[in-house]
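Data first, discussion second: the structure below is written as C-alpha cells.
The values are calculated or read from the model by the stated rules, or taken from the named source; none is laboratory data. Quantities reported herein were computed from a predicted structural model and do not represent experimental measurements. With ideal geometry, Cβ positions are generated from the backbone for all residues, glycine too; neighbour counts draw on all protein chains shown. The accessibility values were calculated without ligands, DNA or RNA, using every heavy atom of the protein model including side chains. Shrake-Rupley method; radii C 1.70, N 1.55, O 1.52, S 1.80 Å.
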Amino acid sequence: TLTSTNVQDAINELYYYIKRIDNITVEEFGTEQACEYKATEIKNVGEGMQFQYSSANYKEEITLSVLGLHNVNNALVALAVAEQLGIEPSVAKKGLKEYAPIAMRGQIYENKGMKIVDDTYNASPDSMKSGVAMLLEMDGLERRIVVLADVLELGEVSRDCHYGVGTYIADANSNGKKVDMLVTVGKEAKAICEGVTDKNTGIVTKAFAEKEEAIAYLKQTVKSGDGIIIKGSRGMHMEEVVSALKEL
C-alpha cells in the first residue's frame, strides 16, 4: 500500500517496492550517468532534436523531428523497448525521425512571421511545463509568449498546481532565453499569473476570464518574430485561440 499523496513521491515509493520483487529487472532511462538507456549531447536541430543514445550494447545518433526534452525521454523509452524486442537502434531510429505530432499536439504553424505552437489537445501541470521548455528551445524568436488555460479536475490541489506552473515559468531559462509574456484564460489559470508576478520577474502577465477576451488582446499584441504556445484542458477549447492567430 502506497502512503504518499504527492505524485512524484508515490512514483518513487512504487519504484522502491518493484525493485524488491523477485525475478523483476528494473532498468532506467534518462540523462543521468547511471541510466541503462541514456541520452547525451542533446541539442536542437532546426525544429527537432538530436542526441547520442547509449545502452550496454549500442551507441547511436538519434534525430527527432519534434522539439522538447520530454520527446527525447519518449524516444528513449521507445528505443529501450525496441532493444528488448531485438530491434537495433539503427533500425528503430528511422521510425523516430519520421514521427510527426497529431492534431493539437505540438503542431507548429507559421503566420505573418510568427510561430504558433498548437498544443491544445489537453493539459496537465507537467505538460504545461514541458510546453514552456519546448518554446524556449525554439531558435530565431524575438519574443516568447505562453498562453495557458485552466487545467480542469485537479480538485483541492488546483491552486497549488497552477501556481507551481507560474513559478516554473518565472524561473525557466534556456541559454539566456526566457518567457516574455504570459496570457491565461480561466479562473484557475489566474494562479499561474500569480506564481509569475510573485517572483517579480518582469514577465508581462495578463489574466482573462474568457478566451474571447484573450483572443482580442492577442490580436492587438502579437507580431512578426513572436513564438506562441497555446495549451489548456480539452474542455477549455483553446484551439479557438490557435485558429484566431492563424487567421490574422
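Are any of the residues in the range 201-219 part of a helix (DSSP H, G or I), farther than 18 Å from Met128 by Cα, free of Cβ contacts under 8 Å to residues at least 12 places away in the same chain and hydrophobic (A, V, I, L, M, F, W, C)? Taking every residue of the range 201-219 in turn, at least one turns out to be part of a helix (DSSP H, G or I), farther than 18 Å from Met128 by Cα, free of Cβ contacts under 8 Å to residues at least 12 places away in the same chain and hydrophobic (A, V, I, L, M, F, W, C).
Can you find a residue that is touching a Leu at 6+ places or on another chain (Cβ under 7 Å), of a type in the set (Ser, Thr, Tyr) and open to solvent by less than 10 Å² (accessible area, probe 1.4 Å) anywhere in the range 196-211? No, the range 196-211 contains no residue that is touching a Leu at 6+ places or on another chain (Cβ under 7 Å), of a type in the set (Ser, Thr, Tyr) and open to solvent by less than 10 Å² (accessible area, probe 1.4 Å).
Among the residues of the range 128-160, write down those that are among the acidic types (Asp, Glu) and either open to solvent by 60 Å² or more (accessible area, probe 1.4 Å) or part of a strand (DSSP E or B) (or both). Scanning the range 128-160 gives Asp139, Glu142, Glu153, Glu156, Asp160. Across the range 103-118, the qualifying residues are those that are closer than 17 Å to Val72 by Cα and in a loop (DSSP other than H, G, I, E, B), and the one among them that is most open to solvent (accessible area, probe 1.4 Å) is Arg105.
Is the range 5-20 home to any residue that is open to solvent by less than 80 Å² (accessible area, probe 1.4 Å), modelled with pLDDT under 95, more than 23 Å from Gly131 (Cα to Cα) and touching a Lys or Arg at 6+ places or on another chain (Cβ under 8 Å)? Scanning the range 5-20, I find no residue that is open to solvent by less than 80 Å² (accessible area, probe 1.4 Å), modelled with pLDDT under 95, more than 23 Å from Gly131 (Cα to Cα) and touching a Lys or Arg at 6+ places or on another chain (Cβ under 8 Å), so the answer is no.
Close Cβ contacts (under 7 Å, 6 or more residues apart or on different chains) running from residues in the range 130-149 that are touching a residue at least 40 places away in the same chain (Cβ under 8 Å) and under 23 Å from Arg234 (Cα atoms) to residues that are β-branched (Val, Ile, Thr) and open to solvent by 10 Å² or more (accessible area, probe 1.4 Å) comprise Ile145/Val222. Selection within the range 161-173: residues that are open to solvent by 30 Å² or more (accessible area, probe 1.4 Å) and touching a helix residue (DSSP H, G or I) at 6+ places or on another chain (Cβ under 7 Å). The member of this set that is nearest to Thr201 (Cα to Cα) is Thr167. The set of residues in the range 186-233 being among the basic types (Lys, Arg) and modelled with pLDDT of 95 or more consists of Lys187, Lys190, Lys206, Lys211, Lys219, Lys223, Lys231. Within the range 76-102, restricting attention to residues that are surrounded by 14 or more Cβ atoms within 10 Å (Cβ to Cβ) and free of Cβ contacts under 8 Å to residues at least 24 places away in the same chain, the residue that is farthest from the chain's Cα centre (by Cα) is Ile87.
Screening Arg234 against (1) surrounded by 16 or more Cβ atoms within 10 Å (Cβ to Cβ); (2) within 18 Å of the chain's Cα centre (by Cα) leaves a single unmet condition, (1).
Can you tell me how many residues in the range 39-66 are among the charged types (D, E, K, R), surrounded by 13 or more Cβ atoms within 10 Å (Cβ to Cβ) and under 26 Å from Gly131 (Cβ atoms)? Outline the logic, then answer.
The first filter runs over the range 39-66 and keeps only residues among the charged types (D, E, K, R), leaving 41, 43, 47, 59-61.
Right, trim to surrounded by 13 or more Cβ atoms within 10 Å (Cβ to Cβ) and you get 47, 60.
Then keep just the ones that are under 26 Å from Gly131 (Cβ atoms); that gives 47.
Qualifying residue count, the range 39-66: 1.
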